Amino acid sequence: MKKLIIILISLLCSQWVMAQPGTIKMDTTIIEKDGEKVIIIKPAEGQDITTPADNQVKVQVESTDQETGETDTTVINVGGVQVIIKEKDKKEHEEQAEKEELRIQIGDDEDNSNPTKKRLKTRWILLDVGLLNYLDNSNLDINNSVFELNQGKSWDVNLHLFRQRVSFARNHMSLMYGVAFDFNIYNFNNNSTLIADTNVVAFRTPDAEVNYSKNKFRTTYMDIPVTLNFNTNPRKSSKSVRIGLGAYGGMLVGAVTKQKSSKFGKVKERDNYNAERFRYGVYGDLGIGPINLYAKYQLSNLFDNNPIGSLQPLSFGIKVIPF
């Protein structure tokens, strides 16, 4: 390969020199080719590039073969032009390869040319799904009352329209916020029915002949969650531990009850059922490698004007579509 480069350079220099009259000055030029060789083209020290009087090109090749692991250099003198071909040794080539690999990893992680894009990131349509329950501060035994839940059929579904993350501290910390719709599905484990159009929370107990195969109460809130997050390895989420702590506030969008029985068939009724119009709570999430979990606790009550006391929803689950 080196011999071929020497021949090509000699031919090109010959044609160029014979075509140029007079004296020409040029700056030093350094060329890197494929990470294998460094070609330095510059005027010989203390000389200008001149055309020989007889238009003949005189080429002098000085080649030094070093021991393994050191540089092999070839020098070509063409008139006033000096061409140096320097072949990198194995160790030097491996060090450059490692640097290039590291540079590629950094480039894939963030766009260093755009600091704003590096710090700010937005994701659309995320999904969390978890089991739903509530902490009982009422005057009833929750497991033997109209509020008793079927745990396997009570769900918390969070549909995030978008979430935005602002990173700092070299992406180890971030502030995340967004807008989400939270669907709380309470599946009652009894035959009682929430009564609509009342000023207080009230239930109606049907006769013993009615057996509901479905008895659900669902609330829909539009929430604004805000969390502060810590990430141990922001460049590789598969090997990272991620912790987020924050709060959320939301507004009631609507509520509905759905019942199904052999006697009445399917019954669906919409009302607010005295659910809290505005709610607030705390939020936390934990990510370990590919696993992303979350937990929510509503500090405000589930119902407003509940004569028997307060119920505070609690949910935990998995992020099906995480950030």
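Figures for the structure shown
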quantity: Strands (runs of 3 or more DSSP E) contained in the stretch 252-310 and holding at least 2 residues of a type in the set (A, V, I, L, M, F, W, C) and in contact with a strand residue (DSSP E or B) (Cβ under 8 Å, 6 or more places away or on another chain); calculated: 278-288, 291-298
quantity: Complete set of residues in the stretch 226-247 that are free of Cβ contacts under 8 Å to residues at least 60 places away in the same chain and not aliphatic (A, V, I, L, M); calculated: 227, 230, 233, 236, 237, 238, 239, 240, 242
quantity: One residue from 137, 190 being in the same structural domain as residue 296 (by TED's automatic domain parsing) and surrounded by 15 or more Cβ atoms within 10 Å (Cβ to Cβ); calculated: 190
quantity: Selection within the stretch 196-225 - in contact (Cβ under 8 Å) with a residue 40 or more places away in the chain and either touching a Cys at 6+ places or on another chain (Cβ under 7 Å) or aliphatic (A, V, I, L, M) (or both); calculated: 196, 200, 201, 210, 222, 224
quantity: Count of residues meeting criterion [small (Gly, Ala, Ser) and more than 24 Å from residue 227 (Cβ to Cβ)] in the stretch 256-288; calculated: 4
quantity: Test: residue in the stretch 175-182 that is under 26 Å from residue 306 (Cα atoms) and either surrounded by 14 or more Cβ atoms within 10 Å (Cβ to Cβ) or not assigned by TED's automatic domain parsing to the domain that holds residue 236 (or both); calculated: yes
quantity: Residue among 215, 229, 274 that is polar (S, T, N, Q), within 28 Å of the chain's Cα centre (by Cα) and either at pLDDT below 95 or buried (at least 16 other Cβ atoms within 10 Å of the Cβ) (or both); calculated: 229
quantity: Filter result (over 26 Å from residue 322 (Cα atoms) and surrounded by 18 or more Cβ atoms within 10 Å (Cβ to Cβ)) within the stretch 277-303; calculated: 301, 302, 303
quantity: Number of positions in the stretch 248-271 that are crowded, with 16+ Cβ neighbours inside 10 Å and without any contact (Cβ under 8 Å) to a residue 24 or more places away in the chain; calculated: 0
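The values are calculated or read from the model by the stated rules, or taken from the named source; none is laboratory data. Because the structure is predicted, anything quoted here is derived from the model rather than measured. In this analysis, Cβ positions are derived from the backbone assuming ideal geometry, glycine residues included, and neighbour counts consider all displayed protein chains.
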